[in-house]
């Protein structure tokens with residue numbers, strides 16, 4: 001708060017309120033400003049700054065806020081990369097700023113980052129409460145885009161947790177806002193949220209594809225290509241379940257053009273994983289081997305467990321008759337189930353299908369009971385019926 005900073009600097013310079021206020025404002029007005037009960041005109045602020053021998057900017061910007069901004073920007077910059085901050089590191093860096101009286105968009109952003117960092121702990125209530133705190137801040141500072149993004153993120157998490165009624169309540173709130181007034185990033189994120197709903201709960205994959213194509217058209221008009229690789233990859237995944245190979249090939253080709261242009265390693269890894277899914281679905285063993293090699297090269301010495309990579313290897317070995325090697329990959333995938341069980345239903349469905357393919361090729365079946373239990377929690381629709389059909393075929 002400006003008043004608090006003025007008060008701190010005044011005391012450092014051993015000035016009384018009367019001495020600082022003399023000829024600029026009244027002593028009582030300065031007292032009210034220092035206690036956050038009144039605001040100062042820009043003319044008075046310039047005069048006060050001059051008397052305190054500091055810049056106006058130093059009074060307007062809380063040094064704590066500047067520190068928080070730097071941390072938030074560093075975390076956001078690394079998000080989605082192979083070197084993104086660990087959850088514990090995020091919490092250690094941001095927790096000291098939670099209880100400060102800071103009316104700042106950066107504190108709202110800190111709450112959202114902290115919320116994301118507790119996702120893997122499984123504490124749904126804490127995550128939602130942190131987002132609620134972020135929403136309160138964004139409402140107070142009238143930061144519309146960040147407010148919408150926070151509501152979108154909450155709804156995404158609720159859909160992932162199969163809390164459909166709660167998610168729809170938040171989606172309805174967002175839908176009251178004219179999407180045409182949203183900035184590109186916000187509009188794309190909202191579109192992806194609606195696609196997620198189309199895919200999981202409406203069982204409307206053609207509708208999801210149409211919405212994604214509309215999003216691409218919007219990007220072309222605005223010439224801002226935010227998450228365009230994810231949009232194309234999602235089209236490819238929808239087309240996989242729609243059995244439309246032509247759409248799959250076209251979407252993957254366009255995603256590759258974009259990732260080759262950017263050179264973003266994380267994007268390239270995600271694309272290779274999606275191409276591996278296509279290869280698995282159509283039993284294109286050579287292509288699957290090629291994409292596994294691409295992932296292996298891009299990951300280099302990264303030792304982090306990546307479920308899609310392990311699943312792809314397991315299926316490849318199963319299809320090529322290396323049953324024991326495939327089984328090792330599937331067991332490793334199963335061993336890390338607690339980690340990827342927190343992913344969305346689409347990701348889980350993909351991993352479960354890989355495990356069931358392994359079973360059908362003789363790599364083991366101990367994971368089948370787990371898959372049966374988990375699939376029962378899926379919403380009614382294409383993903384649930386597809387996996388249920390595979391289990392029935394395996395069990396005869």
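So the values come out like this:
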item: Unique match (being in a helix (DSSP H, G or I), over 23 Å from residue 81 (Cα atoms) and in contact with a helix residue (DSSP H, G or I) (Cβ under 6 Å, 6 or more places away or on another chain)) among 317, 309; result: 317
item: Search result, residues across segment 81-140 that are touching a residue at least 40 places away in the same chain (Cβ under 8 Å) and farther than 29 Å from residue 4 by Cα; result: 81, 82, 119, 120, 122
item: Selection from segment 82-99 of residues that are modelled with pLDDT under 90 and under 15 Å from the mean Cα position of the chain (by Cα); result: 82, 84
item: Positions within segment 350-365 being without any contact (Cβ under 8 Å) to a residue 60 or more places away in the chain, part of a helix (DSSP H, G or I), closer than 18 Å to residue 308 by Cβ and more than 29 Å from the chain's Cα centre (by Cα), in sequence order; result: 358
item: Qualifying residue in segment 231-248 (condition: within 19 Å of residue 153 (Cβ to Cβ) and not in a helix (DSSP H, G or I)); result: no
item: Test: residue in segment 251-274 that is in contact (Cβ under 8 Å) with a residue 60 or more places away in the chain, surrounded by fewer than 21 Cβ atoms within 10 Å (Cβ to Cβ), under 18 Å from residue 205 (Cβ atoms) and assigned by TED's automatic domain parsing to the domain that holds residue 204; result: no
item: Residue 304 exposed (fewer than 15 other Cβ atoms within 10 Å of the Cβ) and either at pLDDT 90 or above or farther than 22 Å from residue 392 by Cβ (or both); result: yes
item: Single residue of 358, 354, 381, 362 found to be at positive phi, modelled with pLDDT of 95 or more and in contact with a helix residue (DSSP H, G or I) (Cβ under 7 Å, 6 or more places away or on another chain); result: 362
item: Residue tally, condition within 39 Å of the chain's Cα centre (by Cα) and either surrounded by 12 or more Cβ atoms within 10 Å (Cβ to Cβ) or modelled with pLDDT of 85 or more (or both), over segment 40-65; result: 9
item: Number of positions in segment 165-177 that are part of a helix (DSSP H, G or I) and surrounded by 15 or more Cβ atoms within 10 Å (Cβ to Cβ); result: 6
item: Per-region count, segment 100-118, residues closer than 21 Å to residue 190 by Cβ and either modelled with pLDDT of 90 or more or not in a helix (DSSP H, G or I) (or both); result: 7
item: Pick from segment 203-228, criterion within 20 Å of the chain's Cα centre (by Cα) and part of a loop (DSSP other than H, G, I, E, B), ranking: nearest to residue 164 (Cα to Cα); result: 227
item: Residue 31 being surrounded by 15 or more Cβ atoms within 10 Å (Cβ to Cβ), farther than 19 Å from residue 54 by Cβ and free of Cβ contacts under 8 Å to residues at least 24 places away in the same chain; result: yes
item: Selection from segment 180-206 of residues that are free of Cβ contacts under 8 Å to residues at least 12 places away in the same chain and either in contact with a strand residue (DSSP E or B) (Cβ under 9 Å, 6 or more places away or on another chain) or more than 19 Å from residue 349 (Cβ to Cβ) (or both); result: 180, 181
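The values are calculated or read from the model by the stated rules, or taken from the named source; none is laboratory data. Computed from a prediction, not measured in an experiment: that's the story for all the values here. Glycine gets a Cβ as well: all are built from the backbone with ideal geometry, and neighbour counts include every protein chain shown.
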